[in-house]
Amino acid sequence: MLMSGAMKGVRVLAIAVMLLSTISSYAKAGEVVLDANESAPFFSSSLPMDGMCGEIIHAVSQAAGIQSHISYKPLQRMIDEDDNNDLGNPLFFMNNQDFTAIIPIAVYHVAVFDFRPNHANGHTVATLENMRSHKVGLLKGTLVNRSAFEKAGITFEESYSQTSLFKKLRKGRLDVVVEVDLVGRKVIKMLFPREAEQFKTLRIPNSSAPIAILLSEKQPDAQLLAAKYRRGLQMIRASGEYEASLKKYYGDKVPEAYYQQLDRFSYLYHGEEK
């Protein structure tokens, strides 16, 4: 009798585990998993609410009634996979994967950085016109559109580490570094907090690019989700929540025409879907 009772207890426990597993799988089935790569301050698991764009996505999802989860992977793995939802510049992923919907949620700009004390008499090389004869650093695989630089005859010394690039810049082993503006500023503040003001930053004209939610063709109800994400984005822009997220990272230096650029990218990618 004791053995029989024990066996019944085991069977009840097994059934309970199966039920919990089933409930858990249904909960996960209702969650939209979005892959991002560590790119602070836009996306980072070490920042509150996953960084600036993570905060925007969480706010959009809450407004839209969507459960969104940001999963971190190396950028190359995100590019190589062809059945996942991605977060980032659509041009990184579209050559390898087709998407049901692309929803731009933010804009970034590329900038040129130099370290003023390394240039005699306060001379700066942070312009495209006079970069040709200087050592230019770039993070490998991050510059999608090189045409402006190639036309100017500019070549790059590429690195896999942003930290390495800015350390070389500080030591004078590089004359300038080309990097996303907010990313470069964050790296400088982390590495050289007392010398941050000595670094000059110049946003490159016409270098704006979108950061978007890219919904895979394998994502169930992708078109419905896209409509909800777009509606959620409209809601947090109207409420001022979006602007508050930007100012946490840009301060009072939100780029001019930021919202016009975001709307332009939204129009272009929504038009491609249609």
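For the stretch 185-256, the average shadow cast by the Cα convex hull is 7.5 nm², which is a quarter of the hull's surface. Between A227 and S161, what FRET efficiency follows from the Cβ-Cβ distance if R0 is 51 Å, with the result rounded to 0.05? Calculated value: 0.80. Computed packing ranks the peptides 253-260, 43-50, 103-110 as 103-110, 43-50, 253-260, most packed first, by mean other Cβ atoms within 10 Å.
With the cut-off at 28 Å, report for the stretch 130-274 the share of all Cα pairs above it, as a whole percent. For the stretch 130-274, the share of Cα pairs beyond 28 Å comes to 36 percent.
Working from label points 7 Å from Cα in the Cα-to-Cβ sense, the R173 to S46 distance is 2.1 nm. Here the accessible area of the stretch 46-108 is 46 percent carbon and sulfur, with a 1.4 angstrom probe and all protein chains present. Rounded to the nearest 0.05, the FRET efficiency derived from the C-beta distance between K140 and K253 at R0 = 30 Å is 0.60.
For the pair the stretch 31-57 and the stretch 175-222, the centres of their Cα atoms are 14 angstrom apart. The calculated FRET efficiency for the pair E38 and N96, based on their C-beta separation and a Förster distance of 22 Å, comes to about 0.60.
The values are calculated or read from the model by the stated rules, or taken from the named source; none is laboratory data. Quick caveat: nothing in here was measured; it's all calculated off a predicted structure. FYI the Cβ positions are ideal-geometry reconstructions off the backbone, even for glycines, and counts take in every protein chain you see. Heavy atoms of the whole protein, side chains included, go into the accessibility calculation; ligands, DNA and RNA do not. Shrake-Rupley method; radii C 1.70, N 1.55, O 1.52, S 1.80 Å.
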